[in-house]
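Worksheet: one structure, shown below.
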């Protein structure tokens, strides 16, 4: 497999745009509408399409990746993002499908944190903890579409202004989410945010991948995963990190060479697997945000020949193996989503970082710009 992977290079945001400035105009961005909110507001949708059979649809609710279609090794195009066909599903049972999650992605223990000696509380929505920004995080609000571009790189940029006190977080936070698609089958998602008061920020994307295609009975457990990390952060029974960095060597968390997810995802002899009902952990890729992107993971589905390499500037990768799908959600094409039908790879800072002094800081001050860049380098092995 590795001999046939696409060539990879680290890209900064400016370098990403400049790399394609001289290419022919081929990628396209088309505006549409995904439905109407209960209060009467329209939900814009923008579909980015390139000349190689790849398209990505982004909806303004949650600045979410609603669909990503790509061909397999035989040229058959399929959607590789599980979610819903209509707005009603995202409103009734959202499940973070493809969504932008924040202000603080992942978990905060008991929803409590302190900034400059002042205590704050964000709503708990995951047992005793706060998850992905609280009960009404960035995934559940309607973003504004502020820019749509066709050209060598097609893109859509969305904006959300989170007011001071939103979900208990201090400061007015202005966030931009940009999705871009180019002719080399690279999908980039970039988040930028600024604040007018010290606050905590950790924004990521919660795309659910099934490279076999939505509706495939194979699910995602046969996907081969590589994560170039020698450490991960163990958790307690409520998925809050203990603060330790544990070696992956000799454990079910060792993905330094390609392994099928299903090989060890049910091995409850490891307490960590029992806690999460599978993988729902943070892998330590680095110790700080970096100026350029670096490899976070490779994911490959051998039957279809579809895959991707994920690059980001973030130090942590939350890998979730879809452990809590229990057949109660009916999604695209009337498919019932079951345990292991899709996986999530979230580049981010570490879980519960506001309460973990040894973890990279998620603090954002006025005058600073938060940035999370993610590049999905799509693979079609023919």
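A few remarks follow.
- Check on residue 75, within 15 Å of the chain's Cα centre (by Cα) and part of a loop (DSSP other than H, G, I, E, B): no
- Considering residues of the stretch 13-51 that are part of a loop (DSSP other than H, G, I, E, B) and surrounded by 16 or more Cβ atoms within 10 Å (Cβ to Cβ) only, the residue modelled with the highest pLDDT: 50
- Residues that are under 30 Å from residue 27 (Cα atoms) and surrounded by fewer than 17 Cβ atoms within 10 Å (Cβ to Cβ), drawn from the stretch 160-174: 161, 174
- Condition met for residue 366 (more than 18 Å from the chain's Cα centre (by Cα), closer than 20 Å to residue 235 by Cβ and surrounded by fewer than 22 Cβ atoms within 10 Å (Cβ to Cβ)): no
- Residues in the stretch 123-134 that are within 18 Å of the chain's Cα centre (by Cα) and assigned to a loop (DSSP other than H, G, I, E, B): 132, 133, 134.
- Filter result for residue 94 (part of a loop (DSSP other than H, G, I, E, B), touching a residue at least 40 places away in the same chain (Cβ under 8 Å) and over 17 Å from the mean Cα position of the chain (by Cα)): no
- Residue match in the stretch 218-232 (condition: without any contact (Cβ under 8 Å) to a residue 60 or more places away in the chain and surrounded by 21 or more Cβ atoms within 10 Å (Cβ to Cβ)): yes
- Residues considered: 86, 122, 114. Of these, the only one that is surrounded by fewer than 17 Cβ atoms within 10 Å (Cβ to Cβ) and free of Cβ contacts under 8 Å to residues at least 60 places away in the same chain is 86.
- All told, residue 211 falls short of being in contact (Cβ under 8 Å) with a residue 40 or more places away in the chain, surrounded by fewer than 24 Cβ atoms within 10 Å (Cβ to Cβ) and at negative phi.
- Restricting attention to the stretch 58-69, the residues being assigned to a strand (DSSP E or B) and more than 18 Å from residue 344 (Cα to Cα) number 2.
- Residue 375 being touching a helix residue (DSSP H, G or I) at 6+ places or on another chain (Cβ under 9 Å), closer than 29 Å to residue 258 by Cα and not in a loop (DSSP other than H, G, I, E, B): yes
- Number of the condition not met by residue 210 [criteria: (1) in contact with a strand residue (DSSP E or B) (Cβ under 7 Å, 6 or more places away or on another chain); (2) closer than 21 Å to residue 296 by Cα]: (1)
The values are calculated or read from the model by the stated rules, or taken from the named source; none is laboratory data. Computed from a predicted model, the values in this text were never measured in an experiment. Note that we place each Cβ from the backbone using ideal geometry, even for glycine, and neighbour counts take in every protein chain shown.
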